[in-house]
There are 2 protein chains.
Amino acid sequence: MSLDDAASKPHERMQAALADDLQAVNALIRDRMASRHAPRIPEVTAHLVEAGGKRVRPMLTLAAARLCGYEGEAHRMLAATVEFIHTATLLHDDVVDESQKRRGRPTANLLWDNKSSVLVGDYLFARSFQLMVETGNLRVLNILSNAAAVIAEGEVLQLTAATNLATTEDIYLQVIRGKTAALFEAACEVGGVIAGQPEPVVRALATYGDGLGIAFQMADDLLDWGGSDGVIGKNTGDDFRERKLTLPVIRAVARADAAERAFWVRTIEKGDQRDGDLQEAMALLRAHGTLEETRAEALAWSARAQGALAQVPAHLLRDMMHDLADYVVARLN
Amino acid sequence: MSLDDAASKPHERMQAALADDLQAVNALIRDRMASRHAPRIPEVTAHLVEAGGKRVRPMLTLAAARLCGYEGEAHRMLAATVEFIHTATLLHDDVVDESQKRRGRPTANLLWDNKSSVLVGDYLFARSFQLMVETGNLRVLNILSNAAAVIAEGEVLQLTAATNLATTEDIYLQVIRGKTAALFEAACEVGGVIAGQPEPVVRALATYGDGLGIAFQMADDLLDWGGSDGVIGKNTGDDFRERKLTLPVIRAVARADAAERAFWVRTIEKGDQRDGDLQEAMALLRAHGTLEETRAEALAWSARAQGALAQVPAHLLRDMMHDLADYVVARLN
C-alpha cells in the first residue's frame with residue numbers, strides 16, 4: 001500500500017496517533033485471554049483478535065478519552081472491554097450465520113467447532129465484564145451493560161425479522177443499532193465518562209458513535225446491493241439470498257404494487273429464488289429509488305455524527321474522528 | 001406427593017419460608033425477560049424459567065441475605081441475576097451438548113433452533129449484568145463477574161478435557177466448580193455482602209456454597225454410574241457413552257494396569273464402545289473402590305459446607321441450608 005493511501009485512511013492515522021495506547025491494549029487483551037488449563041480459549045481468541053481487525057471500536061474509546069484530556073490508564077481497560085465484547089459477538093454471529101469465512105480466514109466454528117465458538121464467546125463476555133468492573137466506575141458499567149443488552153436484543157430481532165416482510169424501518173434501525181451502532185456509541189461515551197467530562201460532551205460523544213455506527217452499517221447494507229448504482233459484482237446479493245430485509249428492500253416492499261409484492265413474497269418470505277431474481281430485485285430497488293435514498297440516509301447519519309463533534313474539545317483526534325465519519329460513507333461515491 | 005415427603009425436602013421448606021421474596025423475584029424475572037420487538041426472547045426464556053426448576057440458586061441468595069438480617073430489596077435483584085446467569089448457561093449447554101430434553105421437556109434448541117438458544121442466552125447474560133449493576137454495589141459486581149468467568153472457563157475446560165485420559169482430579173474440580181459450584185458460591189456470598197456482613201460471615205457463606213455445589217455435582221456424577229453400588233439402571237452410563245471423565249473414572253484410570261488402561265483408551269479416548277463395555281467399566285470402578293470413594297468425597301464436601309455455617313447467624317433459614325447439604329448427598333445412601 002502506498003503512503004498516499006495510508007494518509008487518506010483516518011483509522012490508520014488514528015492508529016499512529018494512539019500507538020502507545022493500542023500497544024498497551026493489545027498486551028492487556030493477550031493477558032486476559034490467557035487460561036492456564038483451557039488452551040482452547042487463547043487459541044480461538046487469538047485466531048480472531050489477531051486476524052488483523054482494524055480495532056476501530058477500542059480506538060474510539062482511546063480517542064474519546066484522550067481528546068478529553070484524560071491522563072490515566074482506565075481507558076485502556078475499557079478499550080479492551082469493548083474489543084472483547086465485539087470479539088464475543090463475532091464468535092456467536094459466525095455460529096448463528098453458519099459462516100465459513102471472517103476477515104478472509106476460515107471462521108473459528110469451522111476450524112474448531114460450534115461448541116468452542118459458543119463457550120469461548122461466553123468466556124470473553126465474562127472477561128469483558130470483569131475488566132469493566134475493575135474500573136470501579138458505575139456509570140461506565142451502566143453504559144456497557146445496557147449496550148450488551150441492546151446488542152443481544154438486536155441479534156434476536158434480526159433472527160426473527162429475517163424473511164418477515166412486515167419488518168419496518170424502526171425495526172431495521174433497532175437491528176443495526178444492535179449489530180453495530182450500540183457498541184460504537186458505548187465505546188465513545190465511556191471514553192468521555194472516564195475522562196470526567198460534563199454531560200453535553202458525553203452526550204455528543206455518544207451521538208457521534210451512534211451516527212457513525214448507523215452510517216457504517218447502512219453503507220454496508222447498501223454495498224451488498226452493489227452500492228447506490230445497483231451494479232452486480234461478485235459480492236453482491238448475499239443479503240437477498242439470505243432473505244435479510246435491509247433498508248432498500250424495506251422501502252421497496254412498502255411501495256410495491258400487487259405484482260411486485262408477489263415477487264417479494266415468493267423470493268424473501270417463501271425463499272423460492274430462481275435465476276434472474278437478483279437482477280429483478282435490483283431493478284425494483286432502482287425503480288423505487290431506494291438505493292439512492294439509502295445512500296442519502298447514510299450520509300445524513302454521518303453528517304449527524306460530525307455535527308455532534310462540535311460539542312467536544314478541539315483536538316487532532318477529533319479531526320480524525322470527523323474524517324472517519326466521511327470515510328465510512330466514502331465507499332458509496 | 002404426600003405432606004411427609006414435602007416436609008422432608010429442605011428446598012421446599014425454604015420455598016415456603018421465602019415465599020414473598022420468591023414471588024417478587026419471579027415478577028422481576030418476567031419483567032426483565034420481556035422484549036417489545038423480539039417476542040422470541042420471552043418465549044424461549046419462559047419455556048425454561050417456568051419449567052419448574054427448583055430455584056435453588058436464587059433461594060440461596062435470598063436465604064443468605066435474610067438470615068443475615070437484611071431488610072432491603074436488592075437481594076431480589078441479585079437472586080434474579082443469579083437465575084438469569086443459570087438460565088443462560090443452560091441454554092448454551094443444551095446447544096453444546098446437543099441435548100434433546102431438559103427437566104423432562106424438549107429443549108429450546110429443539111423447539112426453536114440453536115441460533116435462538118445462543119442469542120437468547122446472550123440476552124439473558126446481558127440482562128443479568130444490567131440487574132447486578134443496578135444494585136450499585138461494586139463488591140457484588142466483582143464476585144458475580146468473577147463467577148461468570150469461572151463458569152465459562154470451566155465449560156471450555158470440560159469440552160477439551162472430555163475423552164482426555166490425562167485429566168487430573170484438579171481439572172475435574174475446576175470443571176465442576178465452573179459447572180455448578182461457582183454460581184452456588186457466588187449466590188451465597190452476594191447475599192452476605194448485600195447484607196453488609198463482616199468478612200468472616202461472607203467467607204463462610206462462600207465456603208458453604210462452594211461445598212454444597214461440589215457435593216451436589218459429585219453426587220450427580222456418581223449417580224450417573226448408578227450410585228456407590230454401581231447398579232445399572234435406565235439412566236446409567238450417559239457420561240461413559242459421552243466419554244466424560246468424572247471422578248470415579250479419573251481415579252480408576254490412575255490405578256489402571258496395562259490391560260485396564262487399554263480398555264479406557266479404547267472406550268474413552270478412541271470412543272470405540274461395544275456391548276458389555278459399560279458393565280466392564282463399572283466392574284473396574286467397583287474393583288478399585290472409586291465409586292465408594294467418590295461417595296465419601298461428596299459427603300466430605302457436604303460436611304465442609306455445613307461446618308462453615310457455624311460462622312453465620314443462627315436462623316431457621318440457616319438450619320434449612322444445613323439440611324440442604326444433607327439432602328444433596330442423601331440420594332447416595
Does the stretch B:188-199 contain any residue that is crowded, with 22+ Cβ neighbours inside 10 Å, within 14 Å of the chain's Cα centre (by Cα) and more than 7 Å from chain A (Cβ to nearest Cβ)? yes
Would you mind stating whether B:T180 is within 11 Å of chain A (Cβ to nearest Cβ) and surrounded by 22 or more Cβ atoms within 10 Å (Cβ to Cβ)? no
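Does B:D319 qualify as being surrounded by 17 or more Cβ atoms within 10 Å (Cβ to Cβ), among the acidic types (D, E) and part of a helix (DSSP H, G or I)? Give the derivation first.
On the way: surrounded by 17 or more Cβ atoms within 10 Å (Cβ to Cβ): no; among the acidic types (D, E): yes; part of a helix (DSSP H, G or I): yes.
The answer is no for B:D319.
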When residues of the stretch A:136-146 are filtered for being within 7 Å of chain B (Cβ to nearest Cβ), of a type in the set (A, V, I, L, M) and touching a helix residue (DSSP H, G or I) at 6+ places or on another chain (Cβ under 6 Å), how many remain? 1
I need the full set of residues from the stretch B:6-31 which are buried (at least 20 other Cβ atoms within 10 Å of the Cβ) and either charged (D, E, K, R) or closer than 25 Å to A:I171 by Cβ (or both), in order please. B:D21
Mind checking which residues of the stretch A:178-214 are under 18 Å from A:P313 (Cα atoms) and in contact with a Lys or Arg (Cβ under 6 Å, 6 or more places away or on another chain)? A:A187, A:V193
Where a residue in the stretch A:18-41 is more than 9 Å from chain B (Cβ to nearest Cβ) and its partner, wherever it lies, is of a type in the set (S, T, Y), with Cβ under 7 Å and at least six apart: A:M33/A:T45
Could you list all residues from the stretch B:1-55 that are in a helix (DSSP H, G or I), over 23 Å from A:A152 (Cβ atoms), charged (D, E, K, R) and modelled with pLDDT under 90? B:D4, B:D5
The number of residues in the stretch B:45-61 that are touching a Gly at 6+ places or on another chain (Cβ under 9 Å) and either surrounded by fewer than 18 Cβ atoms within 10 Å (Cβ to Cβ) or within 14 Å of chain A (Cβ to nearest Cβ) (or both) is 2
Given the condition among the acidic types (D, E) and touching a residue at least 60 places away in the same chain (Cβ under 8 Å), answer yes or no: does some residue in the stretch B:60-74 qualify? no
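Could you list, in sequence order, all residues of the stretch A:266-288 that are small (G, A, S) and open to solvent by less than 60 Å² (accessible area, probe 1.4 Å)?
Taking the stretch A:266-288 and keeping what is small (G, A, S), we get A:271, A:276, A:281, A:283, A:287.
Those that are small (G, A, S) and open to solvent by less than 60 Å² (accessible area, probe 1.4 Å): A:G271, A:G276, A:A281, A:A283.
Just for helices (runs of 4 or more DSSP H) wholly inside the stretch B:91-163: which have at least 3 residues that are modelled with pLDDT of 90 or more and open to solvent by 10 Å² or more (accessible area, probe 1.4 Å)? Spell out how you get there, then give the answer.
On the way: elements: B:108-111, B:114-134, B:138-161.
Qualifying helices (runs of 4 or more DSSP H): B:114-134, B:138-161.
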Please give the number of the condition A:A64 fails out of (1) closer than 17 Å to A:L317 by Cα; (2) within 14 Å of chain B (Cβ to nearest Cβ). (2)
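The rows are residues; the columns are (1) open to solvent by 70 Å² or more (accessible area, probe 1.4 Å); (2) of a type in the set (A, V, I, L, M); (3) on the phi < 0 side of the Ramachandran plot.
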site: B:L222; (1), (2), (3): no, yes, yes
site: B:W264; (1), (2), (3): no, no, yes
site: B:T290; (1), (2), (3): no, no, yes
site: B:R295; (1), (2), (3): no, no, yes
site: B:L299; (1), (2), (3): no, yes, yes
site: B:Q311; (1), (2), (3): yes, no, yes
site: B:A325; (1), (2), (3): no, yes, yes
site: B:V328; (1), (2), (3): no, yes, yes
Checking B:V231 against (1) of a type in the set (A, V, I, L, M, F, W, C); (2) open to solvent by less than 20 Å² (accessible area, probe 1.4 Å); (3) over 30 Å from B:G307 (Cβ atoms): exactly one of these is not met. Which one? (2)
Looking at A:V133, A:V118, A:V96, which is the one that is in contact with a His (Cβ under 8 Å, 6 or more places away or on another chain) and within 11 Å of chain B (Cβ to nearest Cβ)? A:V118
Criterion first (within 11 Å of chain B (Cβ to nearest Cβ), open to solvent by 10 Å² or more (accessible area, probe 1.4 Å) and assigned to a loop (DSSP other than H, G, I, E, B)) does A:T167 satisfy it? yes
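Among helices (runs of 4 or more DSSP H) lying entirely in the stretch B:227-309, which contain 1 or more residues that are closer than 22 Å to B:L332 by Cβ and more than 27 Å from the chain's Cα centre (by Cα)? Working first, answer last.
Details: elements: B:238-241, B:247-254, B:258-264, B:277-288, B:290-308.
Qualifying helices (runs of 4 or more DSSP H): B:277-288.
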Within the stretch A:99-115, which residues are touching a residue at least 12 places away in the same chain (Cβ under 8 Å) and within 13 Å of chain B (Cβ to nearest Cβ)? A:A108, A:N109, A:W112, A:N114
Test each condition in (1) within 30 Å of B:A161 (Cα to Cα); (2) assigned to a helix (DSSP H, G or I) for A:P58 and report the one that comes out false. (1)
Within the group B:T160, B:T207, which residue is over 17 Å from B:H86 (Cβ atoms), hydroxyl-bearing (S, T, Y) and more than 12 Å from chain A (Cβ to nearest Cβ)? B:T207
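The values are calculated or read from the model by the stated rules, or taken from the named source; none is laboratory data. Here the structure is a predicted model, which is why all the values come from computation and not from measurement. Please note: Cβ atoms are built from the backbone with ideal geometry, for glycine as well, and neighbour counts cover all protein chains shown. These accessible areas exclude ligands, DNA and RNA; they are computed on the full protein's heavy atoms, side chains included. Shrake-Rupley method; radii C 1.70, N 1.55, O 1.52, S 1.80 Å.
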